[in-house]
Amino acid sequence: MTGRILVVDDIPTNRMILRAKLAAAYYEVLQAENGKDAIAKAIEQQPDLILLDVMMPDMNGFQVCQALKSDRKTAHIPIIMVTALVNARDRLRGLECGADDFLSKPINDLALFSRVRNLLRAKFMLDELQLRDSTTLDLGLGSPPLSAEAALPEDGRVLLVPRDTPAGEQITSALSDHKCLEIQMVTNAEEAIDLASQAPPDVFVIHARLGQFGDGLRLVSHLRSRPRTRHAGLILIVPEGDQKTAAKGLDLGASDYIFDPIDSSELIVRLKSQIRRKQISDRLRDNVTDTLRLAVIDPLTGLYNRRYALQHLSKISARSAETGKSFALMILDLDNFKQVNDRHGHATGDLVLKEFSRRIQENLRGIDLVSRIGGEEFLVAMPDTSEAEARIASERLCRVIHKTAFPCPALTKGMQVTVSIGVVLGAPGEADVHHLLEQADQALYASKNDGRNTVTLYNSAAA
Ligand SMILES: [Mg+2]
């Protein structure tokens with residue numbers, strides 16, 4: 001995984017050292033020697049990550065970080081602050097400015113590279129989600145665009161897996177003032193997996209050494225591989241100075257780490273940043289899913305639309321070639337539907353379409369696909385179906401429509417509705433779905449000519 005990294009430091013030698021290390025690992029390196037230069041380059045060249053010196057003349061690192069994080073064009077770029085001395089106050093200040101982490105000089109390679117890999121991975125995932133979001137917008141399928149400043153709820157659910165119960169209680173009480181955080185604690189890995197599979201939290205806080213309770217790193221890797229917990233934030237607690245475990249945790253998929261003994265203000269800032277990140281990616285993901293759903297579902301009836309039905313039909317036909325079993329296609333067309341709209345208005349017409357869809361769905365098998373392919377035209381695709389079964393099913397559908405009147409606000413006795421159906425059988429290996437649709441259409445016209453409210457099988461239509 002490559003990436004473009006901006007190194008900001010006022011001392012040329014420091015920049016050279018970092019540049020050499022990063023370039024040797026095949027990262028593309030940009031350089032800036034002061035805050036102003038850094039901001040300009042960040043906007044213009046859009047790096048994937050920024051390594052930012054704290055002590056600089058004019059603007060210091062905190063000010064630069066704040067400026068970058070408050071500008072829409074650069075807010076999404078992760079920042080690692082680099083400083084000679086890291087004390088708790090500075091660390092907190094940096095995190096509050098929006099920095100993702102701190103590294104102290106001289107830089108430890110293990111800490112540097114594990115952090116860089118981790119932040120780049122998170123950034124690329126978010127970039128990809130944003131791209132999909134914009135693609136669906138470009139297709140005209142989209143919901144409103146997301147802005148970086150979009151208000152997100154701050155509250156989140158946290159699942160704590162501490163080293164032991166007393167340590168966990170200490171953390172819980174330190175966080176108790178923050179009402180927006182809902183903390184749950186479990187004392188072993190199995191319980192964590194159990195609980196997470198029922199109600200996944202926004203963020204896990206897991207100690208790397210769970211002692212007799214299990215291995216924190218193994219738990220991290222397990223949670224990352226499961227669909228329900230894959231996207232949760234994951235903060236690893238590692239013993240003070242244990243860079244090796246921290247690096248391993250980040251590579252296994254932890255999104256952040258904190259040293260034990262824990263500075264609770266630092267934990268809170270890191271928690272909030274993970275919650276926010278999770279909410280942004282959840283929202284992007286939901287947006288994409290919603291949009292895809294909107295693209296294939298008819299909003300009135302909740303049935304699949306033509307686009308989806310045709311795609312699915314090709315799959316049914318391919319599967320039939322494999323299994324050697326025939327499949328059936330039906331086209332259903334409501335009789336005289338135009339008159340319903342003309343006499344009673346479109347609202348009533350919509351009610352009829354919904355009730356019709358409901359009855360059809362209720363009288364077919366789960367594997368049959370019902371879709372609305374036109375105004376009052378529907379398609380049913382039935383896999384693994386013989387001619388006799390197709391005939392029985394279509395006659396049943398015809399009957400359930402005309403047998404009971406449809407509820408209609410204007411008519412106390414309801415409305416009589418009928419449907420004409422054309423059926424065709426797809427032989428195994430019959431790959432031309434469009435040809436089958438034409439045949440079903442011909443059968444449907446035969447039903448219409450036959451006085452409506454009836455079923456025609458394609459073969460008998462030809463006869
Ligand atoms: Mg400096």
**Complete:** Taking GluC sites (Glu not before Pro) as exposed when in a DSSP loop with at most 11 other Cβ atoms inside 10 Å, the chain has its longest clean stretch at 241-463
**Item:** Table column - 3J(HN,Hα) (Hz), segment 353-364, Karplus curve with 6.51, -1.76, 1.60, x for Gly and Pro
**Value:** 4, 5, 5, 4, 4, 5, 5, 4, 4, 5, 10, 10
**Whole-Hz couplings from phi, Karplus 6.51/-1.76/1.60, listed for segment 331-339; x for Gly and Pro** = 10, 10, 10, 4, 7, 6, 5, 4, 5
**Fill in**
Between D432 and R358, Cβ-based FRET efficiency (R0 30 Å, step 0.05) works out to 0.40
**Asked** For C180, what accessible area in Å² do you get when you roll a 1.4 Å probe over the heavy atoms of the protein chains, rounding to the nearest 10?
**Response** 40
**Complete:** Residues whose built amide H sits under 5 Å from the amide H of G3, excluding neighbours closer than 5 in sequence, are E28
**Fill in**
By accessible area (1.4 Å), largest first, T301, T172 order as T172, T301
**Message:** At 222 nm, what value in deg cm²/dmol follows for the chain if DSSP H runs of at least 4 each add -39500 (n - 2.57) and the sum is divided by all its residues, to the nearest 500?
**Reply:** -16000 deg cm²/dmol
**Asked** Quick one: length gained pulling E377 to D263 fully straight, 0.36 nm per residue minus the C-alpha distance?
**Response** 34.6 nm
**Asked** Which longest run of the chain has no exposed loop site in it, a site being trypsin sites (Lys or Arg not before Pro) in a DSSP loop with at most 12 other beta carbons within 10 Å, and the site itself not part of the run?
**Response** 231-364
**Asked** Roughly how much of Y308 is accessible, in Å² to the nearest 10, using a 1.4 Å probe?
**Response** 70
**Complete:** Longest principal axis of the chain (C-alpha) makes with the long axis of helix 264-296 (C-alpha) an angle, in degrees to the nearest 10, of 20
**Message:** Can you compute the equivalent ellipsoid semi-axes for the chain, i.e. the square root of 5 times each eigenvalue of the Cα gyration tensor, sorted largest first and rounded to whole Å?
**Reply:** 61, 25, 22
**Complete:** The long-range amide H neighbours of L160, using H built 1.01 Å from N in the peptide plane and a cut-off of under 5 Å, are Q184, M185, V186, V205
**Prompt:** Is segment 1-107 best put as rounded, prolate or oblate by its Cα gyration tensor, with a ≥ b ≥ c the root eigenvalues, rounded for a/c under 1.5, and otherwise prolate when a/b is larger than b/c, oblate when not?
**Reply:** rounded
**Request:** Show the residues, 5+ positions off or on another chain, whose built amide H is closer than 5 Å to the amide H of G426.
**Result:** F327, A328, L329
**Prompt:** Over segment 139-291, what is the mean sequence separation of C-alpha contacts under 8 Å (at least six apart), divided by residue count, expressed as relative contact order in percent?
**Reply:** 23
**Item:** Global geometry of segment 154-269, whether rounded, prolate or oblate, following the gyration tensor of its Cα atoms and the 1.5 cut on a/c
**Value:** rounded
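What number comes out for accessible area per residue over the chain if the probe is 1.4 Å? Units Å², please.
About 49 Å² of surface per residue is accessible.
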**Request:** Whole Å is fine, so just give me how far the alpha carbon centre of segment 149-210 lies from that of segment 18-40.
**Result:** 37
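On the protein heavy atoms, probe 1.4 angstrom, tell me the percent of accessible surface of the chain carried by carbon and sulfur. Present the calculation step by step, with values, prior to reporting the outcome.
Working: 11560 of 22570 Å².
Ligands and nucleic acids excluded, carbon and sulfur give 51 percent.
The values are calculated or read from the model by the stated rules, or taken from the named source; none is laboratory data. Since we're looking at a predicted model, the values are computed, not measured. Cβ coordinates were reconstructed from backbone atoms using ideal geometry, including for glycine residues, and neighbour counts include every protein chain displayed. Protein only, heavy atoms only, side chains kept; ligands, DNA and RNA dropped before computing areas. Shrake-Rupley method; radii C 1.70, N 1.55, O 1.52, S 1.80 Å.
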